[in-house]
1. Rank by packing, highest mean first: peptides 152-163, 14-25, with packing defined as the count of other Cβ atoms within 10 Å averaged across residues.
2. Would you kindly compute the Cα radius of gyration of region 1-79 and its largest Cα-Cα separation (Dmax), both in Å?
3. Please list, by residue number, every one of the chymotrypsin sites (Phe, Trp or Tyr not before Pro) in region 1-105 that is coil in DSSP and has at most 12 other beta-carbon atoms within 10 Å.
Amino acid sequence: MEFTTALFYVFAAILILAATQVITARNPVHSALFLVLAFFTASGIWMLLKAEFLAIVLVLVYVGAVMVLFLFVVMMLDIDLDKLRAGFWSHFPLALTVGVVVVLEMSAVLWRGFLTVGRQIHGDSGNIGDTKNLGLVIFTHYQLAFEVAAAILLLAIVAAVALTLRRRKDSKYVDPAQAVKVQSKDRVRIVKMKAESDRVTLAATEKQGN
């Protein structure tokens with residue numbers, strides 16, 4: 001057995017163990033941390049398959065951004081675990097059915113992948129993990145789909161920002177367009193007043209005269 005094959009089996013075992021702990025751990029924080037371990041292990045498997053770009057994206061996007069948000073939400077919210085486990089067994093048959101369907105679908109996909117293992121991938125070297133070849137494939141064969149996906153993501157970002165911009169009476173709101181148009185004379189007003197020393201001298205003189 002080669003070293004890479006043995007390393008693949010080690011990573012696969014750790015990945016299965018971490019995925020099992022994600023759904024069986026009683027503490028939500030522990031589940032999120034096991035999910036981080038699963039992502040790192042999956043990234044290692046991508047590296048063994050020479051898919052460096054996918055491995056780096058998995059670590060940066062999911063571990064670096066999504067899981068940090070999950071941990072922040074889980075640790076900030078006061079989750080009632082007893083209430084969450086109250087209807088577990090009542091929904092178990094439906095969850096088991098969905099799980100079996102997902103396993104059958106994944107098995108069909110993997111079996112088809114084993115049958116078509118000799119298919120060539122678009123690109124110079126045929127390595128999907130090579131960033132250069134992946135960029136060539138995206139911006140040549142799938143340029144239209146890539147642009148459509150970018151437009152949809154941009155629309156989703158704008159819609160999310162628009163939904164959060166609601167006028168509230170108890171919050172202060174500043175219009176950026178009006179703030180840019182403000183000039184210095186509108187913010188600063190110079191008022192001429194007599195010096196304090198003259199007033200102090202006048203008061204002292206009046207006191208001595210009395």
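Every read-out reported here was derived from the displayed coordinates using simple, explicitly stated rules and does not represent laboratory data. Everything quoted here is computed from the prediction, not taken from an experiment. Here the Cβ is made from the backbone with ideal geometry for all residues, glycine too, and neighbour counts use every protein chain on show.
1. Working: 152-163: 9.6, 14-25: 14.8.
In decreasing order of mean packing, 152-163, 14-25 become 14-25, 152-163.
2. Cα radius of gyration and Dmax of region 1-79 are 14.0, 49 Å respectively.
3. Working: sites: Phe3, Phe8, Tyr9, Phe11, Phe34, Phe39, Phe40, Trp46, Phe53, Tyr62, Phe70, Phe72, Phe88, Trp89; in loops: Phe88, Trp89.
Loop-located and lightly packed - Phe88, Trp89.
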